[in-house]
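Asker: Quick one: the structure is below, and I'll ask about it shortly.
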Amino acid sequence: MRVFLRSLVACLSFATFACTAADATDYKEGEQYKEVREKQPVPDKKRVQVEEIFWYGCQHCFHFDPSIEAWKKTKAGDVDFVRIPNSLGRPEGVVHQKAFYTAEALGIGDKIHVPLFNGIHEQHLPLYTQDAIRTFFNQQTGIMPDLFDATFTGFAVDSRVRRADGLMKAYGISSVPAIVVGGKYTTNASMAGNFEGMIKVTDFLIDKVRQEQKK
């Protein structure tokens, strides 16, 4: 319970949710979105990359997840979506980063992502240690403990965690959930007004980046 309460402090304050998000024509840099601290190169300038920054322990990320899942089904064909787990500098956050990348490495990301969110926020399971995550993975997917441990503590997962942490510093992301588009612009619910506004600003930024990449 103590860990869960601390997670509330690390997440965004959503007091602005009662506000109405601005129309796309009113979106202004520094208000509904801003540039990241250090722009990052994109894998393919013919495509637009959208990165969701999240933490499994964050209740706002949990509530935002259905919105981003629905958006994924309607995104344009030239848009690539990537999730990046943020530890927020917390030991339990690092465990969740490793859990995310372990699931991806084992090809079971789709079987773990929503159940892990639900386990923490609906079932209130104490999924904040390697032991707890190991048991959870086995119960959800049948992944054997030895394979889980080898992957969880392996070089590949550690490298991806380090890269994620480096990106967070470069982007200047310190709260979640957040969206980064094209490696250069970021928004969050506090800036956009609410989750719906966050999705709308994301679509606006996708078009903005798309046009900029054509120049």
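Asker: What pairs can you find where one residue is in region 38-58 and among the hydroxyl-bearing types (S, T, Y), the other is part of a strand (DSSP E or B), and their Cβ atoms are less than 8 Å apart, with a gap of 6+ or different chains?
Answerer: Y56/P85
Asker: Another one. Would you confirm whether any residue within region 11-34 is modelled with pLDDT of 95 or more, surrounded by 21 or more Cβ atoms within 10 Å (Cβ to Cβ) and closer than 21 Å to R210 by Cα?
Answerer: yes
Asker: Going by the conditions given, is V114 loosely packed, with under 14 Cβ neighbours inside 10 Å, aliphatic (A, V, I, L, M) and modelled with pLDDT of 95 or more?
Answerer: Answer is yes for this residue.
Asker: Does at least one position in region 175-195 carry a residue that is modelled with pLDDT under 95, under 18 Å from I53 (Cβ atoms) and either out of contact with any strand residue (DSSP E or B) (no Cβ under 8 Å at 6 or more places or on another chain) or in a loop (DSSP other than H, G, I, E, B) (or both)?
Answerer: yes
Asker: Additional query: Scan region 124-167 residue by residue and report those that are part of a helix (DSSP H, G or I), in contact with a Ser or Thr (Cβ under 9 Å, 6 or more places away or on another chain) and over 16 Å from P91 (Cα atoms).
Answerer: Passing the criteria: F137, P145, F148, T151.
Asker: Here's something else I'd like to know. Of all residues in region 100-152, which are touching a residue at least 24 places away in the same chain (Cβ under 8 Å) and of a type in the set (S, T, Y)?
Answerer: Correct list: Y101, T102, Y128, T129, T141, T151.
Asker: Tally the residues that are at pLDDT below 95 and surrounded by 15 or more Cβ atoms within 10 Å (Cβ to Cβ), restricting the search to region 35-75.
Answerer: Residues that pass the stated criteria total 1.
Asker: For region 179-194, name all the residues that are more than 14 Å from the chain's Cα centre (by Cα), crowded, with 22+ Cβ neighbours inside 10 Å and hydroxyl-bearing (S, T, Y).
Answerer: Y185
Asker: Among the residues of region 140-153, what is the count of those that are over 22 Å from the mean Cα position of the chain (by Cα) and either within 21 Å of I84 (Cα to Cα) or of a type outside the set (S, T, Y) (or both)?
Answerer: 9
Asker: To continue, here is another question. Determine whether Q123 is in contact with a helix residue (DSSP H, G or I) (Cβ under 9 Å, 6 or more places away or on another chain) and of a type outside the set (S, T, Y).
Answerer: For Q123, the condition - in contact with a helix residue (DSSP H, G or I) (Cβ under 9 Å, 6 or more places away or on another chain) and of a type outside the set (S, T, Y) - is not met.
Asker: Same structure again: Looking only at region 108-128, which residues are among the β-branched types (V, I, T) and closer than 12 Å to Y56 by Cα?
Answerer: Of everything in region 108-128, those that are among the β-branched types (V, I, T) and closer than 12 Å to Y56 by Cα turn out to be I112, V114, I120.
Asker: List the helices (runs of 4 or more DSSP H) inside region 16-122, counting only whole elements, that have at least 1 residues being more than 22 Å from N188 (Cα to Cα) and more than 14 Å from the chain's Cα centre (by Cα).
Answerer: 91-105, 109-121
Asker: Does region 95-111 hold any residues that are of a type outside the set (G, A, S) and closer than 17 Å to E52 by Cα, and which are they?
Answerer: Result: H96, Q97, K98, F100, Y101, E104, D110.
Asker: Out of everything in region 76-98 that is more than 18 Å from D131 (Cα to Cα) and out of contact with any helix residue (DSSP H, G or I) (no Cβ under 8 Å at 6 or more places or on another chain), what residue ends up being modelled with the lowest pLDDT?
Answerer: So the residue we want is G89.
Asker: May I ask you to list pairs of residues, at least six apart or on different chains, whose Cβ atoms are under 9 Å apart, with the first in region 158-176 being basic (K, R) and the second being assigned to a helix (DSSP H, G or I)?
Answerer: Close Cβ pairs satisfying both conditions: R160/Q97; R160/K98; R160/F100; R160/Y101; R160/E104; R160/A105.
The values are calculated or read from the model by the stated rules, or taken from the named source; none is laboratory data. Predicted model, so just to flag it, every value in this text is computed and none were measured. Ideal geometry is used to build each Cβ from the backbone, glycine not excepted, and the neighbour counts take in all protein chains shown.
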